[in-house]
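Asker: What follows is a single structure, and I will ask about it in a moment.
The values are calculated or read from the model by the stated rules, or taken from the named source; none is laboratory data. The shown structure was predicted, so the numbers you read here are calculated from the model rather than taken from an experiment. Counting neighbours? That spans all protein chains shown, and the Cβs are built from the backbone with ideal geometry, glycine included. For the accessible areas, the whole protein counts, side chains as well, though only heavy atoms, and no ligand, DNA or RNA atoms are used. Shrake-Rupley method; radii C 1.70, N 1.55, O 1.52, S 1.80 Å.
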Amino acid sequence: MESPEEIREPARPGVIAVALALLALLLVLIVARLAPPPARPVDAVDDDGAPAISGMRALGHLEVALGDQSPHPIGSPANVAVRQRILGRLRDLGYAPEIQVATGCSRRGASCGRVENIVARAPGQSRRAILLSAHYDSVAAGPGAGDDGSGVATVLEVARILATRAPLRHAVIFLLVDGEEYGLLGSQAFVDAHPWARDVDLALNIDSGGNTGVATFTRTSAGNGPAIAALAGAIARPHAASLTASAYRLTPYDTDFSVYDRAGIFALDLGIGEDKAPYHTPNDRLEDLDTGSLQHLGDTALSTVLALDRLDRGDLDGAGDRVYLDFGGLFLGTSPSWLVAPAAIALAGALVVLFGRVRRRDRSGAGARRAAIAQLLAWPALTLGSLAAATVVAVLLALLARAEAASYAAPVILRVALWSVAFAVSGAIAGAFARRLAPTELHVGVWSWLALLTVACALVDPGASVGLLPALAWEVAIVGLAALVAPARTSLPTWALILTLAMPAWMWMQAALRIELLFGVGRHGAAIALAPVALTAALLAPLWALEPRTLRRIWIAVALALAVVVGGAAALRPAHSESRARRLSVLLYRDADAERSQWIAGDLPGGLPPTVAAAAEFSAPSRTFPWSAEDEESYHAPAVDLPLPGPALEVVSEARGPWGRLLRLHLRSPRGARTAALLFPESAGVRAVAIDGVTLAPYPRRKLEDYPDARHYGVIGLPARGVEVTVMLAAEGPIEVTLWDIADGLPDAPEALALARSRPPDALPTHGGDRSLVSRRQTIE
């Protein structure tokens with residue numbers, strides 16, 4: 001039997017220090033490359049002396065549009081004011097903007113609203129058009145400077161530049177849609193009803209989920225080959241990865257891109273969003289919008305429009321996909337999608353051949369079997385072990401901090417703690433395997449798994465494989481170079497083991513930072529955000545094996561001590577701040593039938609802030625509404641009943657036939673609420689619904705989870721006159737319908753004002769903000 005001394009290579013003191021220094025250098029470069037460029041001044045010109053995109057001028061457009069920065073959701077007076085200011089800005093730029101007034105209906109939300117889209121057109125050499133789209137409405141909780149004021153500012157700035165140039169081959173339609181935040185209503189109304197929609201071949205949608213960061217392409221329509229090839233040679237500082245589109249499918253987020261894509265328009269999705277803290281809160285303000293991000297967004301949007309202008313619709317028909325990945329914003333690497341799987345298989349095969357040349361030694365008998373088993377188990381143990389440890393620590397710290405994530409106000413602190421845990425645990429596991437395997441054997445075990453994973457990913461989802469394929473290509477190149485430099489060696493030289501870290505660490509640490517911003521590192525998103533960290537930590541296994549045992553233990557102890565100290569600080573310091581606040585909206589709910597009111601506040605991790613809990617007699621979390629899903633819980637407290645009238649529903653007419661009952665209803669809100677809803681029991685057998693004359697798509701399956709045993713239909717931006725709802729039912733007998741309406745803000749009553757003021761500075765309303773909801777039931781005979 002071989003002893004550990006027989007398989008151990010000569011120790012290399014300090015090799016871990018060198019590797020960590022390399023990782024630190026890469027991290028600094030990553031952070032630098034993810035910083036947007038400085039904004040150009042308002043009088044910026046290009047190399048030819050022509051007007052150029054200016055981040056400062058884009059900010060000026062937005063300052064005019066947002067005015068006093070009041071929230072401006074669809075149907076609100078503030079939205080009317082924003083719309084008028086945008087129209088004036090477009091006229092100042094030399095355009096003749098129009099308003100499309102239409103009813104848009106959400107395919108995902110079974111809701112409709114009266115929208116007022118802003119459309120303008122720059123004529124081209126042909127009638128075929130490129131659509132440049134953003135949405136100008138905001139949520140009720142915040143002014144929407146980033147989401148999507150940044151998109152509005154970019155559209156206006158691109159429109160300014162194109163107004164100074166000769167017409168492009170395509171016309172360019174500037175579309176600023178209404179009602180995006182309530183189910184993509186405006187874009188759906190445009191593709192369904194606007195005559196210009198028939199001219200559109202290509203679309204660039206701009207929608208941001210934050211107010212800083214570089215402009216990033218998140219999704220493309222199928223058949224993206226010609227467009228990606230055009231973009232690769234046109235954008236000076238591209239940020240895009242086909243992997244992002246795969247990751248996007250794991251999130252609940254959606255944009256107007258989906259509407260254009262479903263309508264058969266080739267579309268691209270672009271936006272900024274490196275920090276989700278202000279998203280859909282009052283902090284999404286002009287003062288915190290990064291002008292450098294506006295600059296990069298404008299530069300990228302203009303370059304994209306010019307690149308798309310070189311394409312014709314025929315170039316896209318029947319075109320295949322390309323996978324793509326930017327390399328630090330330096331250039332956009334692309335490849336035909338069909339080539340990915342063969343390339344992955346070829347690289348994996350080359351690695352097998354190279355590994356055959358650098359095997360540590362031939363083994364036999366029980367030693368060979370034990371070594372093979374150890375090699376097989378090494379990578380799963382390294383990645384899953386470090387990932388599980390870091391995730392558990394993230395959850396424990398969140399529990400100690402009584403928040404969704406500890407140190408949300410200072411995320412770097414938490415990142416240091418969790419990354420330290422991941423690297424320390426991975427080092428400890430590597431040390432255990434080093435007793436059985438030589439460093440090169442550990443390296444072979446880790447990369448054999450990664451090669452297999454790359455091939456599997458390339459076969460299943462070629463776009464997602466860009467997160468692995470360049471790393472595998474780099475590994476083959478370095479191992480191949482080592483074989484050429486030292487052909488007689490039976491193990492990989494130390495320099496090769498260190499250099500193989502460079503490419504995968506560059507990719508995966510960047511992914512870790514960006515995924516962390518999207519999913520968070522707390523109770524729910526930690527495992528996803530920390531997965532790239534675990535992958536990177538596993539690559540250090542052969543270097544841990546080269547480090548003398550004593551030094552290895554010292555490094556692991558230092559990392560764990562750092563994790564304890566920094567993690568303790570993360571748990572003990574306030575989890576939130578005024579700029580990175582927790583999200584807490586308050587709702588006054590009145591049951592008009594029972595004439596009873598109550599306060600409802602969201603079920604926050606760690607409970608309600610003490611000041612809020614003391615302002616009313618809140619009970620333990622329970623089911624939010626009678627019609628809610630059982631797992632949707634909130635805090636409730638009794639409230640003084642205010643005589644708020646419930647929504648009114650009138651049966652205008654009824655017809656019967658073999659298809660069932662056809663009811664024409666009139667829904668309105670006597671108190672002038674901005675949104676309303678109808679809830680039909682499942683037993684009513686709803687067959688079809690039309691709101692304001694527009695027939696809704698089949699009821700979305702996802703809503704069955706939110707409203708069990710019922711069908712929910714919403715009306716957004718409810719006009720004072722009300723709206724007509726036509727329903728076809730299968731049921732013959734009486735049916736009981738639940739109605740409710742929702743008004744923005746809380747009633748002007750002392751109790752409501754006191755509760756709103758009890759919210760601490762580190763808590764902000766979000767999404768719909770503070771609201772009042774009144775419900776009642778009505779039987780339709």
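Asker: Which residues' amide hydrogens lie under 5 Å from the amide hydrogen of LEU718, considering only partners 5 or more residues apart or on another chain, with H built in the peptide plane?
Answerer: THR675, ALA676
Asker: Further question: Rolling a 1.4 angstrom probe over the protein chains, ignoring ligands and nucleic acids, what is the accessible area of LYS703 in square angstrom, nearest 10?
Answerer: In the full protein context, LYS703 sits at about 10 Å².
Asker: What percentages, rounded to whole numbers, describe P(r) for region 503-573 computed over all alpha carbon pairs with 5 Å bin width beginning at zero?
Answerer: Cα pair-distance distribution for region 503-573, in percent: 3, 15, 15, 20, 23, 15, 7, 2.
Asker: Give me the distance between the Cα centres of region 254-291 and region 696-724, rounded to whole Å.
Answerer: First find each Cα centre; the distance between them is then 24 Å.
Asker: For region 35-130, treating each Cα as an identical point scatterer without solvent, what Debye log10 I(q)/I(0) comes out at q = 0.15, 0.23, 0.24 1/Å?
Answerer: Calculated log10 I(q)/I(0) at the listed q: -0.87, -1.21, -1.23.
Asker: Then there is this: If you count only protein heavy atoms and use a 1.4 Å probe, how large is the accessible surface of ILE30, to the nearest 10 Å²?
Answerer: Answer for ILE30: close to 0 Å² accessible.
Asker: Using the Karplus equation 6.51 cos²θ - 1.76 cosθ + 1.60 (θ = phi - 60°), what ³J(HN,Hα) coupling, rounded to whole Hz, does each residue of region 492-508 give in order, writing x for Gly and Pro?
Answerer: 6, x, 4, 4, 5, 4, 6, 5, 5, 5, 4, 5, x, 5, 4, 6, 7
Asker: Using amide H atoms built in the peptide plane, which far-off residues or other-chain residues are under 5 Å from VAL323 H to H?
Answerer: Distant-sequence amide H within range of VAL323: SER335, SER337.
Asker: Grab the alpha carbons of region 225-333, take their convex hull, and tell me the volume per residue in Å³.
Answerer: 127 Å³
Asker: Can you work out ³J(HN,Hα) from phi for every residue in region 468-475, in order, using Karplus 6.51 cos²θ - 1.76 cosθ + 1.60 and θ = phi - 60°, giving whole Hz and x for Gly and Pro?
Answerer: 3J(HN,Hα) across region 468-475, in whole Hz: 10, 4, x, 5, 5, 4, 5, 4.
Asker: Of the listed peptides 500-506, 317-323, what is their order by residue-averaged count of other C-beta atoms within 10 Å, with the highest listed first?
Answerer: 500-506, 317-323
Asker: Which value, in nm² and rounded to one decimal, describes the direction-averaged projected area of the C-alpha convex hull of region 479-533?
Answerer: That works out to 4.6 nm², a quarter of the Cα hull's surface.
Asker: In whole Å, how far is the Cα centre of region 400-457 from that of region 159-210?
Answerer: Taking the Cα centre of each part, region 400-457 and region 159-210 sit 44 Å apart.
Asker: Need one number: nm distance between label points at ALA697 and ASP641, each 7 Å from Cα along Cα→Cβ, rounded to one decimal.
Answerer: Here the modelled spin labels are 4.2 nm apart.
Asker: Right, another one. Please report the base-10 log of the normalised intensity I(q)/I(0) for region 644-781, using a Debye sum with one equal scatterer per alpha carbon and no solvent, at each q in 0.10, 0.11, 0.14 (1/Å).
Answerer: -0.39, -0.47, -0.71
Asker: Along region 337-353, what does the Karplus equation 6.51 cos²θ - 1.76 cosθ + 1.60 (θ = phi - 60°) give for ³J(HN,Hα), rounded to whole Hz, x for Gly and Pro?
Answerer: So the Karplus estimates, Gly and Pro as x, are 4, 5, 7, 5, 4, x, 5, 5, 5, 5, 5, 4, x, 4, 5, 4, 4 Hz.
Asker: I've got another one for you. Out of residues 5 or more away from SER585 or on other chains, whose amide H comes under 5 Å of its own, with H placed 1.01 Å from N in the peptide plane?
Answerer: GLY602, THR766
Asker: Place the peptides 339-350, 148-159, 415-426 in order of packing, highest mean first, counting for every residue the other Cβ atoms within 10 Å and averaging per peptide.
Answerer: 148-159, 415-426, 339-350
Asker: Considering the Cα trace of region 52-208, what is its radius of gyration and what is Dmax, both in angstroms?
Answerer: Rg then Dmax for region 52-208, in Å: 14.6, 43.
Asker: Which value in Å is the Kirkwood Rh of region 90-138 over different Cα pairs? Spell out each step's value before the answer.
Answerer: Values: mean 1/r = 0.0758 Å⁻¹.
Hydrodynamic radius (Kirkwood, Cα only) of region 90-138 equals 13.2 Å.
Asker: Now a separate question. What's the local net charge at GLY14, with K and R +1, D and E -1, over the other residues with C-beta under 12 Å away?
Answerer: Computed value for this residue: +1.
Asker: Convex hull volume of the Cα atoms in region 681-757, per residue, in Å³?
Answerer: Output value, Cα hull per residue: 155 Å³.
Asker: Continuing with this model, one more query. Provide, for q = 0.21, 0.29, 0.31 Å⁻¹, the log10 of I(q)/I(0) from a solvent-free Debye sum over equal Cα point scatterers in region 606-657.
Answerer: Here the Debye-derived log intensity ratios amount to -0.93, -1.11, -1.15.
Asker: Project the alpha carbons of region 518-672 onto their principal axes and report the range along each, largest first, in whole Å.
Answerer: 86, 50, 27
Asker: Sort LEU29, LEU387 by heavy-atom solvent-accessible area, probe 1.4 angstrom, most to least.
Answerer: The ranking, largest first, comes out as LEU29, LEU387.
Asker: May I pose another question? Enumerate the whole-percent occupancy of each 10 Å bin, from 0 to the last occupied one, for all C-alpha pair distances of region 289-430.
Answerer: Taking every Cα pair in region 289-430, the percentages come to 8, 17, 20, 25, 21, 7, 1.
Asker: Cβ neighbours within 10 Å, averaged per peptide: list 760-772, 611-623 in order, most packed at the top.
Answerer: Ranking, from highest mean packing down: 760-772, 611-623.
Asker: May I pose another question? Return P(r) of region 585-686 (all Cα-Cα pairs; 10 Å bins starting at 0; whole %; ordered from short to long distances).
Answerer: Per 10 Å bin, starting at 0, the Cα pair percentages come out as 12, 33, 29, 17, 7, 2.
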